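Everything below concerns the one structure shown next.
What follows draws every value from the coordinates through simple rules; no lab data is involved. Bear in mind the structure is a predicted one, so any value in this text is a computation, not a measurement. Cβ placement follows ideal geometry from the backbone for every residue including glycine, while neighbour counts extend to all protein chains displayed.
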Amino acid sequence: MKDTLNVVLFGAPGSGKGTQSAKLIDKYGLYHISTGEVLRDHIKRGTELGKIADSYISEGQLIPDDLMIKILDDVLEKEAADKKGVVFDGFPRTIPQAEALKELLKKRGTDLHAVIGLEVPEEELMERMLLRGKETGRADDNPETIKNRLKVYHDQTHPLREYYTKEGKYLPINGTGIVDE
Ligand code: ATP
Ligand code: MG
């Protein structure tokens, strides 16, 4: 993974991380890792990990750090070794995950280059997720779980904005308006 471009797409649930990741990987030929999708895939396949993940996701809680970090390490090892770089979507979500990411990239001879923060007002996040729940049937896009996810975001994930600002890596982007903008 040397000479790579590694970016984190950061933002609240519903901020458009998945949508904008798809654009970035097309344009720059990067590999997309969405930890949410990795977990949903396990749930769909009914694996042991999927059962554990489901118990947290359905409550709007985070999967414990040690487990989530192990999963990410495995995906990097199996899928990303020969890629030009990675867009991380949905990871890190806690300070310990951010520290682990630093180590995981360092041991592969590379680094994190930027954290792009999609900033969207809370009312709009709620609307977007309710719409997505209706359109896709995604199970955690229901009013009660969304409320928990937003609270977890504020308490555990939002502090990373400050963390990456101090490292000079945080780049805020207005996440409202149309997708192509
Ligand atoms: P969006 O896809 O709109 O950005 P989101 O960020 O809530 O919304 P995902 O990133 O798909 O959705 O995550 C869905 C759920 O998966 C989370 O609510 C959490 O339970 C679990 N999850 C995903 N990534 C992590 C992580 N890095 N650490 C712990 N749990 C995670
Ligand atoms: Mg997503």
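If you split all Cα-Cα distances of the chain into 10 Å bins from zero, what percentages do you get per bin, shortest first?
Answer for the chain: a P(r) of 9, 38, 39, 13, 0 percent.
Based only on Cα atoms, what Rg/Rh ratio does the range 126-181 have, Rh being taken as Kirkwood's radius? Intermediate results must be reported in sequence, preceding the final value.
Working: Rg = 14.3 Å, Rh = 13.4 Å.
Rg divided by Rh gives 1.07.
What are the ³J(HN,Hα) values, in whole Hz, obtained from phi via the Karplus relation 6.51 cos²θ - 1.76 cosθ + 1.60 with θ = phi - 60°, for each residue of the range 54-61 in sequence order, with x given for Gly and Pro?
Per-residue couplings from phi come out as 4, 5, 7, 4, 5, 8, x, 9 Hz.
Limiting things to C-alpha atoms, what are the Rg and the maximum Cα-Cα separation (Dmax) for the range 23-100, in angstroms?
13.0, 36
Could you please state, rounded to a whole Å, how far the C-alpha centre of the range 74-90 is from the C-alpha centre of the range 121-178?
23 Å
How would you rank 155-161, 25-31, 130-136, highest first, on the average number of other Cβ atoms within 10 Å across their residues?
Numbers: 155-161: 16.3, 25-31: 14.3, 130-136: 12.4.
Most protected by this proxy first, the peptides run 155-161, 25-31, 130-136.
With a 10 Å Cβ neighbour count serving as the proxy for reagent exposure, in which order, fewest first, do LEU72, LEU67 appear? Can you show the working numbers first?
Details: LEU72 21, LEU67 14.
Sorted ascending by nearby Cβ count, the order is LEU67, LEU72.
Between the DSSP loop rule and a limit of at most 15 other Cβ atoms within 10 Å, which trypsin sites (Lys or Arg not before Pro) in the range 67-128 are left? List each step's numbers first, then the result.
Values: sites: LYS70, LYS78, LYS83, LYS84, ARG93, LYS102, LYS106, LYS107, ARG108, ARG128; in loops: LYS83, LYS84, ARG93, LYS107, ARG108.
Filter output for the range 67-128: LYS84, LYS107.
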